[in-house]
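The values are calculated or read from the model by the stated rules, or taken from the named source; none is laboratory data. Quantities reported herein were computed from a predicted structural model and do not represent experimental measurements. Virtual Cβ from ideal backbone geometry, glycine too; neighbours counted across all protein chains shown. Accessible surface areas use protein heavy atoms only, side chains included; no ligands, DNA or RNA. Shrake-Rupley method; radii C 1.70, N 1.55, O 1.52, S 1.80 Å.
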Amino acid sequence: MSKLFMFEKPLGMRDTLPFLYKVKKRVREAMTNEIEQWGYEFIETPTLEYYETVGSASAIADHQLFKLLDQQGHTLVLRPDMTAPIARLAASRLYQNGNPLRLAYHANVFRAQQREGGRPAEFEQIGVECIGDRTVTADAEVIRLMITALEQTGLQRFTVAVGHIGYVNALFLEILGNEERANVLRRFLYEKNYVGYRNHVRSLPLSSIDQQRLLALLDLRGDETVLGSARELVHSERGAHAIEELGELWAALRLFGLADSVKLDMTLISHMNYYTGILFEVYADGVGFPLGNGGRYDELLEKFSCKAPATGFGIRLDRLIEALKDTRIEEDIECIIFSQERFAEAIELANEKRREGRKVVLQHIVGIQDIDAYSKKYKSVTYLLGRNGKE
Amino acid sequence: MLTIAMPKGRIFEEALELMRKAGYALPPEFAESRKLMIDVPEERMRFILAKPMDVVTYVEHGVADLGIAGKDVLLEEERDVYELLDLHISKCHLAVAGLPNSRFHDIAPRVATKYPNIASSYFREQGEQVEIITLNGSIELAPLIGLADRIVDIVSTGRTLKENGLIEFEKIADVTSRLIVNPVSYRMKDRDIDEMVERLSAVITE
């Protein structure tokens, strides 16, 4: 390995300089304030978890996990998401009497990058998990809260695509007959390979009606009218149930004050074997990757020995900030530059300003090399130099 | 406005022809220009001209909404993009080739290719462990001068293989150009993209 230069950081690791820190703080606060107003309580979990428990329960691919060993030889992971740690915490401690639990987080998560730059390996996620409520109103609440929280940050144009994994599964199973064949088709959807999907469907020994049903799935996206066409494609109870749930979701979102930003997309498949019902992704203009996603994961807590339904969302702060058009930050720090004779006076003035809630730097003149460059950094500069105000 | 990443070279002409057939008024001097970014305001489109291998990168990162890319590139790069349409242009295939009557070296079988991922997963699926040597062009040289026992490359007419005394052993996959779309653009610009898919579908000939 070549010798590292002193300025180098591991691949995908980034510094946050003061300007970005302020933007992050403002955007984070806009979201967390809204989340708190919906009664969700924030928690923190450890950065390190066991690979065997949280690491394997997480939806993040194995090669993206940062792994290390502890002194006993257990494999640890840097948490790749927050949903699995919260499931662990809820299953082992917080979720007790079967009543809904509303938890929230803002935390850095870690995903190793091998391919190229442009993707941070450590980034902050803000999200909520609503545990123990199996009703569609919980799904609607989570989606509506996500939209409202995003609006609070000033985000202008964004779209939420909503689908239902139960619908896709039911359609595939009733036409194809077994999970193995359904998996092949699910994989094409997951890989977004519509050409491969169509070719595969045409190669299957199915009636032309059934082939048409499978091909029609790819066009099922748009507003609520999609539900009607989607309903006609399925005959099984499971499929009908999924459509009913989406109908209820739509009605609930409307009661919450329907956001125009929601669209249906029946082809949406996020992570294989993770979500179990309604699922969604959120996209914004000007950012090439989804800002975040979420959905119902009724089987995850079982991996931590506790059966409970759950739903939630997670938003990536880095991508959200990229999507925000207006990230100006007003410089609001004032500066008092003093000389030794007037130190006491300077302290008093600084204390007074700080009591008023202003941000004040107190700087001895002798400590500055270039006064012009230094004073430019601040909103205003007060000079307390020389004896009794005489310089 | 839609930003479309187009591959320079072989595919470019055929892709342009297809788009013109679909009714897009693209300026005639388009192909000769040396500009890398060309705006066509009448169609509310911007074209960026890229290396074929790079088209998928532009589209995955979302700096281009759509792109035209060969299936070979999609297989090699495995990017997170929608593969919406088979345009049925620039037909060719990926194949394993080598010198006639030659066989794999017993201890360290070597394969030279521009497609290291495709080659390694193909031979793994065949139950063979091979060593991959990545080259950027003139792959046919490798077996001639003893760098590798086999090559994995694109074959269209087979002429290059023949003139260099190589023969095709196995076909790996058929290749045509595909219309690819960034997942966010697919949602945010769905109307424009659906319209393009519809217009292109109408003029694609298999």
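Could you calculate the FRET efficiency of B:Leu144 with B:Lys171 from 1/(1 + (r/R0)^6), where r is the beta carbon distance between them and R0 is 22 Å, rounded to 0.05?
Result of the calculation: an efficiency of 0.55.
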| Backbone HN-Hα couplings from phi across the stretch A:283-292 [Karplus 6.51/-1.76/1.60, Hz, Gly and Pro as x] | 10, 9, 4, x, 10, x, 10, x, 6, x
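State the extension gain, in nm to one decimal, for the chain segment bounded by A:Trp38 and A:Met13, taking 0.36 nm per residue of separation less the distance between their alpha-carbons. All intermediate terms of the calculation are to be shown ahead of the outcome.
Details: separation 25, 0.36 × 25 = 9.00 nm, distance 3.32 nm.
Answer, rounded to one decimal: 5.7 nm.
Given 0.36 nm per residue, what is the gain on full extension from B:Glu78 to B:Leu99 after removing their alpha carbon distance, in nm?
Working: separation 21, 0.36 × 21 = 7.56 nm, distance 3.02 nm.
Contour length minus the Cα-Cα distance gives 4.5 nm.
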| Tell me, what ³J(HN,Hα) does each residue in the stretch A:82-92 have, in order and in whole Hz, if you take phi through Karplus 6.51 cos²θ - 1.76 cosθ + 1.60 with θ = phi - 60° and put x for Gly and Pro? | 9, 5, 5, x, 5, 4, 4, 5, 5, 5, 8
| said: I'd like the accessible area for B:Glu13, computed on protein heavy atoms only with a 1.4 Å probe and all protein chains in place. Round to 10 Å², please. | reply: 100
| said: Once R0 is set to 56 Å, what does the formula 1/(1 + (r/R0)^6) return for the Cβ-Cβ distance between A:Ser375 and B:Glu17, expressed as a FRET efficiency to the nearest 0.05? | reply: 0.30
| request: Run the dipole for the protein assembly as shown about the Cα centre, Lys and Arg Cβ at +1, Asp and Glu Cβ at -1, nothing else charged, and hand back the magnitude in debye, nearest 20. | output: 1000
| query | Taking amide hydrogens as modeled 1.01 Å from N in the peptide plane, which residues meet the under 5 Å criterion relative to A:Lys263, leaving out close sequence neighbours? | reply | A:Val160, A:Ala161, A:Val162
| field | Ellipticity estimate at 222 nm from DSSP helix runs (n ≥ 4, -39,500 (n - 2.57)) divided over the protein assembly as shown, nearest 500 | value | -10500 deg cm²/dmol
| Signed unit charges on C-beta, dipole axis of the protein assembly as shown, positive-most listed residue A:Asn33, B:Ser156, A:Thr83 | A:Asn33
| field | Which of A:Ile347, A:Ala252, A:Ala242, positive extreme of dipole for chain A (C-beta unit charges) | value | A:Ile347
| remark: Amide H neighbours of A:Leu384 at under 5 Å, excluding residues fewer than 5 places away on the same chain, with H built from the backbone geometry, are A:Ile337, A:Phe338, A:Ser339
| A:Leu385-A:Ile347 pseudo-label distance in nm [points 7 Å out on the Cα-to-Cβ vector] | 2.3
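Please report, in debye to the nearest 20, how large the charge dipole of the stretch A:234-391 is about its Cα centre when each Lys and Arg carries +1 at its beta carbon and each Asp and Glu carries -1 there. Write down the numbers at each step before the final one.
Values: 21 positive and 26 negative charges, 102 e Å.
Here the size comes out at about 480 debye.
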| query | Counting pairs of alpha carbon atoms under 8 Å apart in space and at least six apart in sequence, what relative contact order in percent does chain A give? | reply | 17
| query | What are the lysines whose alpha-carbon lies under 18 Å from the alpha-carbon of A:Lys376, with same-chain residues fewer than 8 places away excluded? | reply | A:Lys359
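Assuming 0.36 nm per residue, please report the length gained on full extension of the stretch A:Met6 to A:Asn183 beyond their Cα-Cα distance.
Working: separation 177, 0.36 × 177 = 63.72 nm, distance 4.84 nm.
Answer, rounded to one decimal: 58.9 nm.
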| query | What ranking do A:36-43, A:158-165, A:283-290, A:367-374 get when scored by the average of other Cβ atoms within 10 Å per residue, highest first? | reply | A:158-165, A:283-290, A:36-43, A:367-374
| query | With every protein chain left in place, what is the accessible area per residue of the stretch A:109-148 in square angstrom, probe 1.4 Å? | reply | 28
| query | Got a number for the accessible area of A:Cys335? Probe 1.4 Å, square angstrom, nearest 10. | reply | 0
| said: Not counting ligands, DNA or RNA, and with a 1.4 Å probe, what is A:Asp318's accessible surface area in Å² rounded to the nearest 10? | reply: 50
| query | How far apart, in nm, are two points set 7 Å out from the Cα along the Cα-to-Cβ line at A:Gln96 and at B:Glu32? | reply | 8.1
| Residues whose placed amide H lies under 5 Å from that of A:Leu65, excluding near-sequence neighbours | A:Ala112
| task | Before anything else, pin down the relative contact order of chain B: Cα pairs under 8 Å, at least 6 apart, normalised by residue count, whole percent. | result | 29
| remark: In nm, the gap between the two label points placed 7 Å beyond Cα toward Cβ at B:Gln129 and B:Asn164 is 2.8
| What ³J(HN,Hα) values, in whole Hz, does the Karplus curve 6.51 cos²θ - 1.76 cosθ + 1.60 give for the stretch B:106-113 when θ = phi - 60°, with x put for Gly and Pro? | 4, 8, 10, x, 10, 10, 9, 6
| query | Once you charge only the Cβ atoms, +1 for Lys and Arg and -1 for Asp and Glu, what is the size of the charge dipole of the stretch A:158-263 about its Cα centre, to the nearest 20 debye? | reply | 420
| field | Charge dipole of the protein assembly as shown about the Cα centre (unit charges at C-beta), most positive-ward option of A:Ile175, B:Pro52, A:Ile336 | value | A:Ile336
| Hey, what did the stretch A:177-281 get for relative contact order, percent, Cα under 8 Å, at least 6 apart? | 30
| FRET efficiency for A:Ser56 and A:Arg238, Cβ-Cβ distance as r, R0 = 35 Å, nearest 0.05? | 0.80
| note | Flagged as over-length at 23 Å C-alpha distance, from A:Lys25/A:Lys377; A:Lys22/B:Lys189; B:Lys51/B:Lys162, the pairs are A:Lys22/B:Lys189; B:Lys51/B:Lys162
